[in-house]
Protein chains: 2
Amino acid sequence: MEERNGSDIEAEGLMSEKKELESNGSSFSDREISPIKEPLLKSRTNNTSQIAIVGANVCPIESLDYEIVENELLKQDWRSEKKVEIFKYVVLKWTLALLIGLSTGLVGFFSNIAVENIAGFKLLLTSNLMLKDRYYQAFAAYASCNMVLAIAAAALCAYIAPAAAGSGIPEVKAYLNGVDDHSILAPSTLFVKIFGSIFGVAAGFAVGKEGPMVHTGACIASFLGQGGSRKWRSALLWRSFFTTAVVAVVLRSLIEFCRSGKCGSFGQGGLIMFDVNSAEPTYNTPDILAVILLGIIGGIFGSLYNFLVVKVLHTYSIINERGPTFKTLLVITISLLTSCCSFGLPWLAKCTPCPVGLDHECPTIGRSGNFKNFQCKSGHYNDLSSLFLNTNDDAIRNLFSSGNEKEFHFSTLFIFFVAIFCLGIITSGIAIPSGLFIPVILAGASYGRLLGTFLRYMSNLDVGLFALLGAASFLGGTMRMTVSLCVMLLELTNNLLMLPLVMLVLLVSKTVGDSFNKGVYDQIVKMKGLPYMETHAEAEPYMKHLVARDVVSGPLITFSGVEKVGNIIHALKITRHNGFPVIDEPPFSDAPELCGLVLRSHLLVLLKGKKFTKKKVLTGTEILRRFHAGDFAKPGLGKGLKLDDLDMKDEEMEMYVDLHPITNTSPYTVVEMMSLAKAAVLFRQLGLRHLCVVPKTPGRPPIVGILTRHDFMPEHVLRLHPKIKPHK
Amino acid sequence: MEERNGSDIEAEGLMSEKKELESNGSSFSDREISPIKEPLLKSRTNNTSQIAIVGANVCPIESLDYEIVENELLKQDWRSEKKVEIFKYVVLKWTLALLIGLSTGLVGFFSNIAVENIAGFKLLLTSNLMLKDRYYQAFAAYASCNMVLAIAAAALCAYIAPAAAGSGIPEVKAYLNGVDDHSILAPSTLFVKIFGSIFGVAAGFAVGKEGPMVHTGACIASFLGQGGSRKWRSALLWRSFFTTAVVAVVLRSLIEFCRSGKCGSFGQGGLIMFDVNSAEPTYNTPDILAVILLGIIGGIFGSLYNFLVVKVLHTYSIINERGPTFKTLLVITISLLTSCCSFGLPWLAKCTPCPVGLDHECPTIGRSGNFKNFQCKSGHYNDLSSLFLNTNDDAIRNLFSSGNEKEFHFSTLFIFFVAIFCLGIITSGIAIPSGLFIPVILAGASYGRLLGTFLRYMSNLDVGLFALLGAASFLGGTMRMTVSLCVMLLELTNNLLMLPLVMLVLLVSKTVGDSFNKGVYDQIVKMKGLPYMETHAEAEPYMKHLVARDVVSGPLITFSGVEKVGNIIHALKITRHNGFPVIDEPPFSDAPELCGLVLRSHLLVLLKGKKFTKKKVLTGTEILRRFHAGDFAKPGLGKGLKLDDLDMKDEEMEMYVDLHPITNTSPYTVVEMMSLAKAAVLFRQLGLRHLCVVPKTPGRPPIVGILTRHDFMPEHVLRLHPKIKPHK
């Protein structure tokens, strides 16, 4: 649940409780016993959803807070900080980066080897049965292997960690944007993501392990960083670079180790998956035109894909909500369908005689490669089965392979494209860890190669290069992340000379796609209900016409600098707010003034410490002696204090506690007349969770309200101001 | 000059002027005729320097303002914006990106070809004379060619555009950080940067053209963007990517065109300068240790280099300040010294017999290549002259060349390293456009290759690869920009398999270098006096212990919402401030309140329009009809209004003007008790020029002061609070 979300019922409850408190007849003045002030603005509430779909489950979400809480305790900590502590901290953070790199490298390598070996075993079994002409048995073996693996993946996901379902990239993206859910980065999610991804990919689904690897890396870092979050701050680029270097070194050493054949039958490949160095990258005007055409096709197919993926996700979420059994049944259905496609469609392809003068065996038997025998007689190969009855990595490698233009028939490429396009769509959203990159690359490579075969007489570019550019175009059309895609494709292919062509095709496909809809991850984030905040204010042009005061929701609950324990407990109980303004009042100041902001988690720690006084006096120095900043550090997973952990006696409820030592005296503020667009920029750029709105005119209470992430969400704003048109 | 820099004398002047205004006996109340309020804080001034060294000259600097000025005019503009205008704007900005890409590509290609041909002519002339044993004549020809080119470069720099001297990267870095000087991006700077760089590089100096190219690109973009700055906003990544793609396409087409030999004798090379694909990148523990050793050496040499460069820059700036003649004389001296080194040192090297079984000619005559004849007899080559009597690009290519380990002697590499290290240092800071990358790469590559030759029996890595890693280590040790260096080195060498080694060496050298001093660009920025603001608050830890109010400088000049023209003119005359708070007062509001901020440039446009009234009344709607937002757009180079352009009659000085339509009603604000560190984060992250400080307690004037870039500068803060230790 989220801050500032007092529902109407809660607000009513609050008012009556307040009366009760007042009628208790305390000996203190009225001002002192009514810390919960009248709402300072018309009591409008924020009804935007505080839950979202994380993985395949609906969960409550919270905001993250990147702001430095500058309170007296922290300042005391700064002052007392010694050189040796700073040194220890530096060592710690580099060690952590090293450990993250090591673990991520190991996990990545392990999951690659596992997939290659499991899928390899399955494909060998099938292929051996087929060589003996036992086709039904072969299908039974193939489909049941797939089914068992699929059930394993689905069971892990459905029963242990529903947050591990799907690609994980939308969730990680939202997390980095400031949306937290307890389960996104939990250890159980990590476990399921790794094994679920291995089983899912090995089960022959049209899914990749790249997206899940991103999520896995995030989980590993979060797991290792438990309790170290107290001072975690920026300058990340430099440390990420280091971690990446560690991963690269670990992977290389392991790959070297495996070259000697110690890692099983299929342990091949390396950092550069598809070495297309051989293709000669010279090109002229017709080539450029062909590439632009590819980009346009990629943009159109990409936006269609996005549209359909979201429709399917909507449908599946209805099924998935019914419980783990339904999730598993859905996975089983899709697994059967996939098996039928993979095994059935190759029968449509004709047998082709092996080309003469090949360096390598044709047909390939008992290992991965281009030329699969399938039902054909010796000396012939079935080109469609080279794509279907292979690991996805090998299928991509086959499509990217250059030199032999006639290796794949028109019809083969067409059937494969249609099948993988549809399978990719219906597979997304089922309860297994499922990356989008691989199906998109497969579909893009197949239509790219198809177009290349068509344009053979016009363009000099190699069909393998066409397949690569087709993959780029479809990636650009679905994901719309030009720069990172460009880097990834270059990393995969190790040929910088292709840079201009890859850039061109990405630019065209992104532009075409953008004219239809948003990128697939943005759409999934929205569909899942994750309150994502765009960096640029232009995202929501109507915000320019509103000011901060127009969207602040209430009621606002404030505390005095020295507050009655009972009032605090009460406020924590009746609301889900995570930040409370602290107002200093006479006798501690001349007039009411904003002292700062306290966080719920800090209040709980302070109350647990029970440094209370009978009278309303300042006890800051005692509290500073009793606690140190580490006590208030962000706790590790599930270790945070809860309201129920406090055990207050009745007399303690009537005592006072000094909030000054834990009050963040430097909260970011905006004046109520600040334009909402500019407030949103401030909020987003500084990674805030709470933004205080202060009055413009004098003579009013010192705070108007607090803006949180949800107050910037279009649904909330448009509900408050129905006359505004959402899109100009 | 910079905003908020009222000196004490100005402040006094202001006070006496104010009394004069009051004693003029206007018919309005005292409040109305005293818009220039008493200083709201103790009158402390900011004495930080408002001038800096830009290129090789001392210039006044200003801050840039990335904030959107949300005033009524802009809002009216938004409301009236039609679809067709938005479309025109989108087309315009993409066209601009295309043009920038095209021009930058053309300029880059042109300057490369020019250098290759000029330097080629010079080297051919020298080499032909030497083949005829006319050594003195050869030296005379060589030295005088260099001298003429050096004088041309120096004259351009010293007399036309002093801002074009040096690398330009520190200036561009500061510009992007928000520090503007009129001349940084002026057309004259562009012109001199292109031709000065060509002449300087062709003159054989130990300088590169890469840094100047960065500056050139910035100048081109600024030149083409004239007048288009009104709406220029973020989402830059996507457009930069497009521009880069255009540059890549332009360059490739031109290089293809030149392959046919139409571009002169030396027009070679391409996007990938040093294709080291052949080197086998497998490595084991001793190799890793060797690479770490290289990194350590790079870090030590790099920080020494930085230290010496700054010392030399200090010394030279004293000479350069004496005028253009002294600048030119300095350049001539260094040119002579460079010629003597390049021509004299190769005599120290022994002649080596050409290796047997080479693919290419040895010695190479009449073109670029590895094996230079110099004084040797036929069939022999002088390895040191292959490095000295060559363009820098070819020298690097020679050092990176693999396969023939014995091509360069120990002594050769050692002499070259010492010479280029020293030449690089004494060449930086002379009045020519001079990039730092090339000398650093040369020095690094030579000690890398030297170490590789030493460790031949321990490490299997190729000496060419050692040279590359040496260059990486020295780059990392001087510039400390790991990620961009890594990308550059990969782009130059087109071999992603080296990624782990390059990352490792960069990490080690940066870490070692950081323990001695800061990166060379950071040091140059500081030495030049450019008020650079770090993104991270940790940069200046003492800021945590101060609050915004502690550094605000005064006196503060404010205007009323409807202000007397004479007062505005007066305020503009006596201060250099660029932003003035506008305070609404009775009868326009119940109590004094902060209306917003007006900019000097906007005030000048408004006053020029002369929409004045005799009485103090609101005339907003008339002004909105008279002006539109475009009138207040940021003007192109040198086209902005100046105070002298206004021609005010005496009766106009007594009239009133309504400032509301041009007042930015959404300025960013901080409360006076906000910690300075957090205010700095806000200031930097949002790219502000003015940050309003508002009072915390009620009953005081609605604004305490304005923070600008200079108020965050360490010199200012430490002068106000001498007890604070600058480094913890």
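The values are calculated or read from the model by the stated rules, or taken from the named source; none is laboratory data. As the structure is a computational prediction, the values presented were derived from the model and not from experiment. Neighbour counts run over all protein chains shown; Cβ positions are idealised from the backbone, glycine included. Surface areas here come from the heavy atoms of the whole protein model, side chains and all, with no ligands, DNA or RNA. Shrake-Rupley method; radii C 1.70, N 1.55, O 1.52, S 1.80 Å.
Considering only residues in the range A:687-699 that are open to solvent by 10 Å² or more (accessible area, probe 1.4 Å) and at pLDDT 85 or above, the one that is nearest to the other protein chains (Cβ to nearest Cβ) turns out to be A:LYS696. In the set A:PHE421, A:PHE437, A:PHE474, only one residue is farther than 24 Å from A:VAL115 by Cα, away from every other protein chain (no Cβ under 14 Å), of a type outside the set (Asp, Glu) and in contact with a helix residue (DSSP H, G or I) (Cβ under 9 Å, 6 or more places away or on another chain); that residue is A:PHE474. Scanning for something more than 32 Å from the chain's Cα centre (by Cα) and either open to solvent by less than 50 Å² (accessible area, probe 1.4 Å) or of a type in the set (A, V, I, L, M, F, W, C) (or both), does the range A:111-123 turn up at least one residue? There is at least one residue in the range A:111-123 that is more than 32 Å from the chain's Cα centre (by Cα) and either open to solvent by less than 50 Å² (accessible area, probe 1.4 Å) or of a type in the set (A, V, I, L, M, F, W, C) (or both).
Applying the criterion of being modelled with pLDDT under 80 and within 27 Å of the chain's Cα centre (by Cα) to the residues of the range A:456-483, the residue that is farthest from A:PHE416 (Cα to Cα) is A:VAL483. With the requirement that a residue be free of Cβ contacts under 8 Å to residues at least 40 places away in the same chain and either surrounded by 24 or more Cβ atoms within 10 Å (Cβ to Cβ) or more than 9 Å from chain A (Cβ to nearest Cβ) (or both), what does the range B:488-499 give you? Listed by number, the residues that qualify are B:MET488, B:LEU489. Among the conditions (1) closer than 19 Å to B:LEU691 by Cα; (2) open to solvent by 20 Å² or more (accessible area, probe 1.4 Å), the only one that B:GLY596 does not satisfy is (2).
Taking the range A:461-487 as the range and being open to solvent by 10 Å² or more (accessible area, probe 1.4 Å) and of a type in the set (Gly, Ala, Ser) as the test, only A:SER484 passes.
Conditions tested, residue by residue: (1) under 33 Å from the mean Cα position of the chain (by Cα); (2) under 30 Å from B:GLU622 (Cβ atoms); (3) open to solvent by less than 20 Å² (accessible area, probe 1.4 Å).
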| residue | (1), (2), (3) |
| --- | --- |
| B:THR663 | yes, yes, yes |
| B:TYR668 | yes, yes, yes |
| B:MET673 | no, no, no |
| B:ALA677 | yes, no, yes |
| B:PRO702 | no, yes, no |
| B:GLY705 | yes, no, yes |
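Restricting B:LEU659, B:LEU604 to those that are closer than 30 Å to B:MET713 by Cα, modelled with pLDDT of 90 or more, open to solvent by less than 30 Å² (accessible area, probe 1.4 Å) and among the aliphatic types (A, V, I, L, M) reduces the list to B:LEU604. The C-beta contact set for the range B:576-594 (first residue within 14 Å of chain A (Cβ to nearest Cβ), second residue of a type outside the set (Val, Ile, Thr) and surrounded by fewer than 17 Cβ atoms within 10 Å (Cβ to Cβ), distance under 6 angstrom, 6+ apart or interchain) comprises B:ALA591/A:PRO698. Of all residues in the range A:548-581, those satisfying the criterion of being within 30 Å of A:VAL681 (Cβ to Cβ) and in contact with a His (Cβ under 8 Å, 6 or more places away or on another chain) are A:ASP550, A:VAL551, A:SER553, A:ILE557, A:ASN578, A:GLY579.
Within the range A:613-629, the residues that satisfy the criterion of being open to solvent by less than 90 Å² (accessible area, probe 1.4 Å) and assigned to a loop (DSSP other than H, G, I, E, B) are A:LYS616, A:VAL617, A:THR619, A:PHE627. Among the residues of the range B:683-703, the ones that are in a helix (DSSP H, G or I) and either closer than 16 Å to B:ASP550 by Cβ or among the hydrophobic types (A, V, I, L, M, F, W, C) (or both) come to 1 in all. Just to be sure before I move on: is A:CYS376 outside the structural domain of A:LYS122 (by TED's automatic domain parsing), surrounded by 12 or more Cβ atoms within 10 Å (Cβ to Cβ), modelled with pLDDT of 80 or more and more than 40 Å from the chain's Cα centre (by Cα) in the structure I sent? In short, yes. Residue pairs whose Cβ atoms lie under 6 Å apart, sitting 6 or more positions apart in sequence or on different chains, and linking a residue in the range A:670-686 that is within 7 Å of chain B (Cβ to nearest Cβ) to a partner that is open to solvent by 10 Å² or more (accessible area, probe 1.4 Å) and charged (D, E, K, R), are A:VAL671/A:LYS696; A:MET673/A:LYS696. What about B:ASP711, is it crowded, with 23+ Cβ neighbours inside 10 Å and acidic (Asp, Glu)? Yes; evaluated as a whole, the condition is true for this residue. For the range A:390-433, the set of residues classified as among the aliphatic types (A, V, I, L, M) and open to solvent by less than 20 Å² (accessible area, probe 1.4 Å) consists of A:ALA395, A:ILE396, A:LEU399, A:LEU413, A:ALA419, A:ILE420, A:LEU423, A:ILE425, A:ILE430, A:ALA431, A:ILE432, listed by residue number. Do we have any residue at all in the range B:181-194 that's surrounded by fewer than 24 Cβ atoms within 10 Å (Cβ to Cβ), assigned to a helix (DSSP H, G or I) and among the basic types (Lys, Arg)? For the range B:181-194, residues surrounded by fewer than 24 Cβ atoms within 10 Å (Cβ to Cβ), assigned to a helix (DSSP H, G or I) and among the basic types (Lys, Arg): absent. Here B:ASP287 fulfils each of the conditions (1) at pLDDT 90 or above; (2) more than 21 Å from B:VAL487 (Cα to Cα) apart from (1).
Conditions tested, residue by residue: (1) outside the structural domain of A:ILE432 (by TED's automatic domain parsing); (2) touching a helix residue (DSSP H, G or I) at 6+ places or on another chain (Cβ under 9 Å); (3) within 30 Å of A:PRO581 (Cα to Cα).
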site	(1), (2), (3)
A:TYR66	yes, no, yes
A:LEU92	yes, no, no
A:ILE113	yes, yes, no
A:GLU116	yes, yes, no
A:CYS145	yes, yes, no
A:TYR159	yes, yes, no
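Does the range B:527-539 contain any residue that is at the interface with chain A (Cβ under 9 Å from one of its Cβ atoms) and among the β-branched types (Val, Ile, Thr)? Checked against the condition, which is being at the interface with chain A (Cβ under 9 Å from one of its Cβ atoms) and among the β-branched types (Val, Ile, Thr), the range B:527-539 yields at least one hit. Evaluated against (1) surrounded by fewer than 24 Cβ atoms within 10 Å (Cβ to Cβ); (2) at pLDDT below 90, A:GLY208 falls short on exactly one condition, (1). Only one of the listed residues (A:THR697, A:THR665) is under 24 Å from A:GLU70 (Cα atoms), assigned by TED's automatic domain parsing to the domain that holds A:LYS544 and hydroxyl-bearing (Ser, Thr, Tyr). That residue is A:THR665.
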